[in-house]
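Engineer: Mind looking over this structure? Questions follow.
Here, each number is a calculation from the coordinates, and none is a lab measurement. Because the structure is predicted, anything quoted here is derived from the model rather than measured. Note: ideal-geometry Cβ built from the backbone for every residue, glycine included; neighbour counts use all protein chains shown.
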2 protein chains.
Amino acid sequence: MRYELFYWPGIQGRGEFVRLALEAAGADYLDVARLPGRGKGVDAMLRLMDESDREPFAPPFLRAGKLVIAQTANILHYLGPRLGLAPKSEAGRLWAHQLQLTVTDFVSEIHDTHHPIASSLYYDQQLPEARDRTRYFLAERLPKYLGYFERAIEKNAGGRGHVIGRKLSYVDLSMFQLMAGLRYAFPKSMSRRKRYYGRLTALHDRVMADANVASYLASQRRIGFNEDGVFRHYPELEQ
Amino acid sequence: MRYELFYWPGIQGRGEFVRLALEAAGADYLDVARLPGRGKGVDAMLRLMDESDREPFAPPFLRAGKLVIAQTANILHYLGPRLGLAPKSEAGRLWAHQLQLTVTDFVSEIHDTHHPIASSLYYDQQLPEARDRTRYFLAERLPKYLGYFERAIEKNAGGRGHVIGRKLSYVDLSMFQLMAGLRYAFPKSMSRRKRYYGRLTALHDRVMADANVASYLASQRRIGFNEDGVFRHYPELEQ
């Protein structure tokens, strides 16, 4: 099966969680909105959204045969067992999905640190509010979420450092992306709190060393972090 | 199967989307944190969270036999086919779930209208920011989400006004709850925009007339809307 991923070109954003799964599994896929030519690019993506009977609310979405599936966690829930990146049992899949939905909530809160008032405003039009929201985020929310994921790894006894079971899953890949993104956005806070996240740090390093992931990260297919995505480095927010 | 729902007593909140599904299906369930006695109440809920190997990040969560499942949309994804409130095919379940995850995003944005800076602060400690966020929410986000759901009903040709297929699903129940909650929180805006949401209004009325739902809404089991939940009526935010 050749999968088609549709997401905004130029940012990692929410699409990156799907891209990491496809890459880690060595799946055959097209990153449609980043390709030139007929039936490709952003226009094709927007057209498919409008025309779909089962319309996505927003990118990312995946075309798999006749299916068009949106919502990052839903895409991973579908792909997980097919790519060998999730348990096959219903209980295992529900648990993986539950964790991924908590990643979704966390990502939304990370986004709102720089856009607490409106996504349609520029960052510098909501700077004082972004400072306030970030202060509470770093003091309360970031420790709560990362502490939760750290504990999930700890409770997965015999899991060799994985969040679920004993091998790589899409949740591990999402942990890598969270840690990488948070270090980019909030280097001082992440460095200061490093001792609390030993298991997440080890998992990040281990995912990064996976052959497929390493090859992906070194390629042009990996878009760099930048100030248009979810994880943005605005030093003034960390003061 | 007797299901056990765990959620904060005193508010509808996110738990209400699950409660509506259990009630509409006439399922056998306990609302554990609202019950007195041994092994019941909020303490029992918090203890179960801590002790679970597959720890919920937050309520609501559901116990079904040996399974403990958290994240509202994940619970509904599990319950849907079992309660006859979702398609049984994988494609149908993915579509229902995709819509429910968009409800989740919307609910989070509704919550943040009154808490744009921090959940740990009181509303009146972030009033100016709440006014700003609400202004953009009502002008941009509310029309975008409700327009999307209205279109989903429209695109479901032959669906007799349902969002999915031709009969009641948990997504219909969530549409009811959204419309009821938004009318409570933002009566002026919802009244002003009523003509754009004819299908959602008809669906709301139809769900409310369902025998099981009507009986539930008239019972003590339905907690009223109040200013501790997701949908809050603060008239000053609508000015």
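Engineer: Compute the relative contact order of chain B as a whole-number percentage, counting only Cα pairs closer than 8 Å that sit 6 or more residues apart in sequence.
Structural biologist: Once divided by the residue count of chain B, the mean separation gives 21 percent.
Engineer: Is the shape of chain B best called rounded, prolate or oblate, per the rule: a/c under 1.5 gives rounded, else a/b larger than b/c gives prolate, else oblate, with a ≥ b ≥ c the square roots of the Cα gyration tensor eigenvalues?
Structural biologist: oblate
Engineer: Which lysines have a Cα less than 25 Å from the Cα of A:K88, not counting those fewer than 8 places away in the same chain?
Structural biologist: Reachable lysines: A:K66, A:K155, A:K167, B:K66, B:K88.
Engineer: Distance between the C-alpha centers of region B:171-203 and region A:144-208? Whole Å please.
Structural biologist: 41
Engineer: In the protein assembly as shown, what percentage of the DSSP-assigned beta bridges are antiparallel, given to the nearest 5?
Structural biologist: In the protein assembly as shown, approximately 70 percent of DSSP beta bridges are antiparallel ones.
Engineer: Let me ask another. Which of the helices in chain A meet the span-like rule: DSSP H, Cα axial reach of 15 Å or more, Kyte-Doolittle mean at least 0.5?
Structural biologist: TM-like helix candidates: A:170-185.
Engineer: With unit charges on the beta carbons (Lys and Arg positive, Asp and Glu negative) and the dipole taken about the Cα centre of region B:90-210, which residue among B:G159, B:A130, B:H115 sits farthest to the positive side?
Structural biologist: Sorting the options by dipole projection puts first B:G159.
Engineer: So what's the gap between the Cα centers of region A:12-28 and region A:122-139, to the nearest angstrom?
Structural biologist: Distance between centres, Cα-based: 30 Å.
Engineer: Once you average over the residues of A:56-66, how many Cβ atoms of partner chains fall within 10 Å of each Cβ?
Structural biologist: 2
Engineer: Could you tell me which of rounded, prolate or oblate describes the protein assembly as shown, using a ≥ b ≥ c as the square roots of the eigenvalues of the alpha-carbon gyration tensor, with rounded for a/c under 1.5 and, failing that, prolate when a/b is larger than b/c and oblate otherwise? Could you put the intermediate results ahead of the total?
Structural biologist: Values: a/c = 1.26, a/b = 1.24, b/c = 1.01.
It is rounded, given that a/c, with a ≥ b ≥ c, falls under 1.5.
Engineer: Just counting partner chain Cβ atoms within 10 Å, what average do the residues of peptide A:75-85 show around their Cβ?
Structural biologist: Working: counts 2, 0, 6, 5, 0, 0, 0, 0, 0, 0, 0.
What the average comes to for A:75-85 is 1.
Engineer: Can you pull out the trypsin sites (Lys or Arg not before Pro) in region B:66-156 that DSSP calls coil and that have at most 14 other Cβ atoms within 10 Å?
Structural biologist: Taking region B:66-156 and a limit of 14 other Cβ atoms within 10 Å, the loop trypsin sites (Lys or Arg not before Pro) found are B:K66, B:K88.
Engineer: Hey, got the average number of other protein chain Cβ atoms within 10 angstrom for residues in B:120-127?
Structural biologist: That average works out to 1.
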